[in-house]
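To start, the structure under review is shown below, and the notes come after it.
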Amino acid sequence: MSTTRRRRWLPLLLFVAFVVVPLVEIYLVIQVGQTIGPWWTIGLLILDSLVGAWLVKREGRRAWTALRTALASYRPPARELADGALILIGGTLLLTPGFATDVVGFLLILPFTRPIFRRALSAYVGSRMTVVAAGQARPAGPRPTRQSPGPTAGDAVVRGEVVED
């Protein structure tokens, strides 16, 4: 996606995040409050916050252990980093008061629903990644119309020595 296309979507994304989501949350809290009563609604919001905090702590600890294991075994930690990012985003959504954001937050954190979002995140990140090969960088996907020049045969080589402190 080009920079101009991203900039076109930014106002819509901000409108949804700061206007639509809070209105949906207020509507849902009012509806739940009218159905089960205000005190039960407040109790339910507190309960899902406590359960969410416990779940974030547990899954965050698991993700951290998996990351350390991957790094110790010299394995690329792509899955572990994606899990950590999803747990962080899910935990942030659980901090936001309301039922809709809590549902999305729980879906991002639960170990049996997280792989769905991990695949989506990997596809998104993979589409935005830059592939570097033979000294020439280009975005993954369709070839750009104008390429940046890479090293040529006439480039000077500077000899040096690496000194570690």
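The values are calculated or read from the model by the stated rules, or taken from the named source; none is laboratory data. Just so it is clear, the structure is predicted and the values come from calculations on it, not from any experiment. No Cβ is skipped: glycine too gets one built from the backbone with ideal geometry, and neighbour counts run over all protein chains shown. Only protein heavy atoms, including side chains, enter the accessible area calculation; ligands, DNA and RNA are left aside. Shrake-Rupley method; radii C 1.70, N 1.55, O 1.52, S 1.80 Å.
Each row is one residue, and each column tells you yes or no for (1) more than 20 Å from Ser122 (Cβ to Cβ); (2) assigned to a helix (DSSP H, G or I); (3) of a type outside the set (Val, Ile, Thr); (4) in contact with an Asp or Glu (Cβ under 9 Å, 6 or more places away or on another chain).
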site	(1), (2), (3), (4)
Val24	yes, yes, no, no
Gly33	yes, yes, yes, no
Gly43	yes, yes, yes, no
Leu50	yes, yes, yes, no
Ala63	no, yes, yes, yes
Ala70	no, yes, yes, yes
Gly90	no, yes, yes, yes
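So, in region 93-130, of the ones that are touching a residue at least 60 places away in the same chain (Cβ under 8 Å) and in a loop (DSSP other than H, G, I, E, B), which residue ends up most open to solvent (accessible area, probe 1.4 Å)?
Among those residues, the one meeting the criterion is Pro97.
Every residue in region 58-89 that is basic (Lys, Arg) and surrounded by 12 or more Cβ atoms within 10 Å (Cβ to Cβ), please. So that I can check it myself, show each step before the final result.
Filtering region 58-89 down to residues basic (Lys, Arg) leaves 58, 61-62, 68, 75, 79.
Within region 58-89, Arg58, Arg62, Arg68, Arg79 qualify.
Could you tell me which of the residues Ala72, Ala63, Ala82, Ala53 is aliphatic (A, V, I, L, M) and in contact with a Lys or Arg (Cβ under 6 Å, 6 or more places away or on another chain)? Walk me through it before giving the result.
Working: Ala72 fails: in contact with a Lys or Arg (Cβ under 6 Å, 6 or more places away or on another chain); Ala63 fails: in contact with a Lys or Arg (Cβ under 6 Å, 6 or more places away or on another chain); Ala53 fails: in contact with a Lys or Arg (Cβ under 6 Å, 6 or more places away or on another chain).
Of the residues listed, the single one that is aliphatic (A, V, I, L, M) and in contact with a Lys or Arg (Cβ under 6 Å, 6 or more places away or on another chain) is Ala82.
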